[in-house]
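Asker: Please find one structure pasted underneath; my questions will follow.
The values are calculated or read from the model by the stated rules, or taken from the named source; none is laboratory data. If you're wondering where the values come from, they're calculated on a predicted model, not measured in any experiment. When we count neighbours, we look across all protein chains shown, and the Cβ atoms used for this are built from the backbone with ideal geometry, even at glycine. Remember, those area values only see protein heavy atoms, side chains included, never the ligands or the DNA or RNA. Shrake-Rupley method; radii C 1.70, N 1.55, O 1.52, S 1.80 Å.
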Amino acid sequence: MMWRRGGICRSAVGDWVSERKPYPSDLSDEQWSLIEPVITAWKDRHRSVSGHQGAYAMREIVNAILYQGRTGCQWAYLPHDLPQKSATYYYFAAWRDDGTDQVIHELLRCQVRERARRLEDPTLVVLDTQSVHVAAGVPASTTGHDPAKRVPGRKRGLAVDVLGLVIAVVVLAANTHDNAAGIVLLDQVAEHTGGTVGKALVDQGFKNQVVEHGAGLGIDVVIVARNPQDKGFVPRPKRWRVEQTYGDPDTAPAPGPRLRALSLLRLPRLLGDDPRHDPTPHRRERPHLARGAGGGSVNIRPLLDALDLQEDAARALADDLRAQIDDLQTRLREAETHLGHLTITRKTVTGLADRLPASPPELPEHPDYPRILAAFNHATGPLRAKDVCEALGHELLPKNIEGTRAKLKRLVKLGILTEADTGNFARNQ
């Protein structure tokens, strides 16, 4: 347990109580309440076999880690009123190695984005690298010389969202090409965001290899070209966020090779305890004051909030319509392909029909029709209705003759007989 009274920072574990003056890097009560559940849960999962609860409050452990990260002192030089190096570094290394620091960083980053009226995971990131000097005792095997920047040391790379919040970080030797850093950063972005990022902005130091790698991950990498007319540093839209992050001591990664634990050191930046670091820096989400007709200030924040809601709704509708368009285009392509196959089948069937012999027309269902055809097969010339009636064995009555004539007319319509002259019928050859 830890509390403040009269400018004194007090922490207690069991019967042990420590009082000290607070350091600027100490967590506030509000900040500690945000990460305490994660730390407490980790502590419950790693109980001592002997049942020992530890000599220091977990909040003091975090304060000691923040102090070391903010001042850059060696672990052995931690002040005497903070936990000792053995305890502080033990938790630092444990949280670094098992990813607890990364969990805390991701939770805080998502809360900041939600407070800025954005989704938990970004859809656009900005990538950049920076070569920095290192201390004299850093192993030479992990450093190099950047010929372009003329900097000996290491190259650190960042991927940030449009709020300047860190999404991915990598540290390499300074002589490593930006492409290598970009590929690692894109892989981390795809892993940490679950595939929500669809676009990445980079400068001209990144080449086509990064663009192709991003395409394989479903990320459109856009190389933002520098204006030849510009002299010196000129901020580019959206890309300036990563430059701002590099210039912020609370968020810029140190040149060390293992950086996941440094997400704990970004707590002040993420929690917004420094008034210089607005956690919602996007311009459209800042409260603005406009001058009214009488010269007084008019708060237009409600109007901006309403516009934000309409923009979010319009963006969601556009995404839904794009998905419907993609589905309709897919179905249209399938229908056009099927129609093309049917056209080919029709041409094939028509071509085969022209080559097949014509089938004889089907006779009407009456016993006289086969006998009529038999009579014409035996005839040597045209026959009249009376001749056919007689061949069928019918009495030569007017009704029988007319009935036979009607049958002969029907056979003519079927194309089996022909009527060359009126009343004279013959077999169609």
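Asker: Order 19-27, 154-162, 197-205, 135-143 from most to least packed using the mean count of other Cβ atoms within 10 Å.
Answerer: Answer by packing, highest mean first, reads 154-162, 197-205, 19-27, 135-143.
Asker: Using R₀ = 41 Å, calculate the FRET efficiency as 1/(1 + (r/R₀)^6) where r is the Cβ-Cβ separation of Asn208 and Cys73; round to 0.05.
Answerer: 0.40
Asker: Can you tell me how much longer the chain between Ala135 and Lys409 gets when fully stretched, taken as 0.36 nm per residue apart minus their C-alpha distance, in nm with one decimal?
Answerer: 87.2 nm
Asker: Also, quick follow-up: Would you please give the FRET efficiency between Ala316 and Lys238, computed as 1/(1 + (r/R0)^6) with r the Cβ-Cβ distance and R0 = 22 Å, to the nearest 0.05?
Answerer: 0.55
Asker: Provide Ile372, Ile223 ordered by accessible surface of protein heavy atoms (probe 1.4 Å), highest first.
Answerer: Correct descending sequence by accessible area is Ile223, Ile372.
Asker: Could you check the simple spin-label distance between Ala94 and Asp29, using points 7 Å along Cα→Cβ, in nm with one decimal?
Answerer: Placing both labels 7 Å beyond Cα along the Cβ direction yields 2.8 nm.
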